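The values are calculated or read from the model by the stated rules, or taken from the named source; none is laboratory data. Fair warning: this is a prediction, and the values are worked out from it, not measured in the lab. Cβ placement follows ideal geometry from the backbone for every residue including glycine, while neighbour counts extend to all protein chains displayed. Heads up: the accessible areas ignore ligands, DNA and RNA and are worked out on the full protein's heavy atoms, side chains in. Shrake-Rupley method; radii C 1.70, N 1.55, O 1.52, S 1.80 Å.
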Amino acid sequence: MHNHCIKQLLGLPAIDIKQSYLDNEKNIIFEIMPIDRIQPCPICHSEQVKRNGTPYKRCVRHLSMGVSHTYLLLQAIALECQNCGANFVWQYDFVAPKKRYTIAFQNQCLQKGHGTTVKSLARFEEAPYTTVERFFKVGIQIESEATQQTCFQDAMDRQGLVLGIDDFAIRKGHTYNTGIHDLKGGSMLDIISGRKKEDLHTYAEAHPFLHVLNPVAVVMDMSFTYHQVIGSWFPRAIRIVDRFHVNRYVTEALQDVRRDVQKGLPPHARKKLKRNHRLLAKRGDELSDKELATVQTIIHYHPTLAQAYEWKEAFIEWYDLSTNAKQAAITLQKWYKQGHAIQHQASEECLKTLKNWEKEIVNYHRLRYTNAVVEGRHNKIKALQRRHYFTRNPNVYHQRILVECNEDYMNQYMEI
């Protein structure tokens with residue numbers, strides 16, 4: 001292979017290859033030297049420089065070629081400035097001074113570190129764990145800062161910004177974090193430690209640029225704390241209760257009715273109803289023919305269960321078919337009457353909760369956004385937490401989440 005082809009393969013065009021060979025461990029060795037004859041003095045920037053020979057060679061690890069590791073033998077050319085008398089060694093652009101790994105190798109460790117552990121990456125690259133960990137931590141810090149700055153700047157410049165606020169568990173039932181998301185742009189802006197009112201206010205005081213955002217709407221669950229805090233942060237934004245959180249209340253009410261009805265059924269019907277209870281939560285238009293036949297059978301075991309199932313399906317239709325907030329408010333009253341007709345404690349409690357949040361629920365029909373993409377990111381965060389057994393360093397934990405959750409967004413941003 002010609003030298004210019006090898007240089008393109010290595011990604012190092014500004015060097016000359018003296019020779020290449022395989023060592024005893026089947027590693028590929030390239031002896032290289034710079035194309036330029038002189039290098040300006042790093043102190044006075046004078047080009048009146050002379051060479052004083054090559055006292056030694058540096059061995060530097062570069063990107064692997066296939067299954068073989070690649071090493072570069074760099075000429076450590078001694079130079080002397082004729083202007084200021086400084087002595088220095090030739091500095092190569094692709095490797096930092098006194099380092100044994102190229103910049104490209106360090107960047108590769110960062111890119112390959114997404115979706116895996118540092119331990120697995122170090123084993124794959126056959127490099128020391130501490131070295132790979134150091135490369136990854138330095139790289140993830142730089143990348144997370146650039147990612148967050150890009151996401152926030154994009155959100156500040158966006159017309160019609162819609163934010164999503166939701167929490168995710170670090171230790172379920174004990175410790176939570178809160179994520180702030182740009183639903184329209186498709187990015188995760190930041191992570192707040194905790195979900196209590198004081199945690200949110202502490203974050204806002206430490207991050208004044210949050211108040212530069214001017215969202216037209218904020219989507220969240222039925223947390224009084226979130227609505228109170230968001231109302232103080234963004235008083236002009238409409239608050240929307242996430243559709244899927246509301247649907248969950250209705251579905252849980254249906255399951256409560258199912259459990260109550262199930263107790264009085266004959267053994268065969270009780271077993272079949274319990275075995276297929278998940279089908280009741282599934283949208284009717286997403287059921288297969290076999291599943292639909294099963295649902296029709298089990299809901300007719302008791303008229304109250306049939307009423308509750310039709311009530312749940314009517315609520316899905318209300319979300320899908322309502323065209324504006326005014327019409328939605330009117331049809332929602334009819335749905336309330338349908339729920340009261342069930343005459344069951346579960347449906348009454350559900351209706352009581354939904355009536356308390358009626359304005360925020362109807363606001364969905366003013367601006368149809370949900371936190372569905374946020375729930376998807378939560379799954380990614382949970383996978384990351386399981387993969388790393390909850391990273392001990394909170395800064396690295398924070399940085400990894402921001403980078404991995406914004407990976408697709410940053411790729412699209414770079415293409416634009």
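Evaluating 6.51 cos²θ - 1.76 cosθ + 1.60 at θ = phi - 60° for every residue in region 98-108, the Karplus couplings come out as 6, 9, 9, 9, 6, 5, 4, 5, 5, 5, 5 Hz, glycine and proline recorded as x. Given region 1-81, report the % of alpha carbon pairs whose separation exceeds 22 Å. The share of Cα pairs beyond 22 Å in region 1-81 comes to 33 percent. Counting 0.36 nm for each residue step from SER68 to ALA86 and taking away their Cα separation leaves a gain of 2.5 nm. Here, region 229-349 is characterised by an Rg to Rh ratio of 1.05, where Rg is the alpha-carbon radius of gyration and Rh the Kirkwood radius. Looking at region 6-95, the trypsin sites (Lys or Arg not before Pro) that sit in a DSSP loop and have at most 13 other Cβ atoms within 10 Å of their own Cβ are LYS26, ARG37.
A full extension of the chain between PHE224 and THR202 corresponds to an added length of 6.1 nm, given 0.36 nm per residue minus the alpha carbon distance. Helix 325-340 and the longest principal axis of the C-alpha atoms of the chain enclose an angle of approximately 50°. Pair-distance distribution of region 135-280: all C-alpha pairs, bin width 5 Å, starting at 0; shares per bin in whole percent are 2, 8, 14, 17, 15, 11, 9, 7, 6, 5, 4, 2, 1.
Kirkwood analysis of the chain, using all unique Cα-Cα pairs, places the hydrodynamic radius at 26.6 Å. Computed with a 1.4 Å probe on the full set of protein chains, the accessible area for ASP23 sits at about 50 Å². Extending 7 Å from Cα along the Cβ direction at ASN393 and again at ALA372 yields two label points whose distance is 3.8 nm.
In degrees between 0 and 90, to the nearest 10, how far off the longest principal axis of the chain does helix 243-262 point, with axes built from Cα atoms? Taking the Cα atoms of the chain, the angle to 243-262 is about 50 degrees.
Extension gain for ALA383-ILE103 works out to 97.9 nm (0.36 nm per residue, less the C-alpha to C-alpha distance). Applying the Kirkwood pairwise sum to the alpha-carbon positions of region 287-396 produces a hydrodynamic radius of 17.2 angstrom. Since only TYR203, TYR176, GLY186 are under comparison, the one whose Cα sits farthest along the positive direction of the charge dipole of region 170-212, derived from C-beta charges on Lys, Arg, Asp and Glu, is TYR176.
Taking every alpha-carbon pair under 8 Å whose residues sit at least 6 apart, region 275-416 reaches a relative contact order of 16 percent. Annotation note: chymotrypsin sites (Phe, Trp or Tyr not before Pro) in region 346-416 located in DSSP loop regions with a Cβ neighbour count of at most 16 within 10 Å are TYR389, PHE390.
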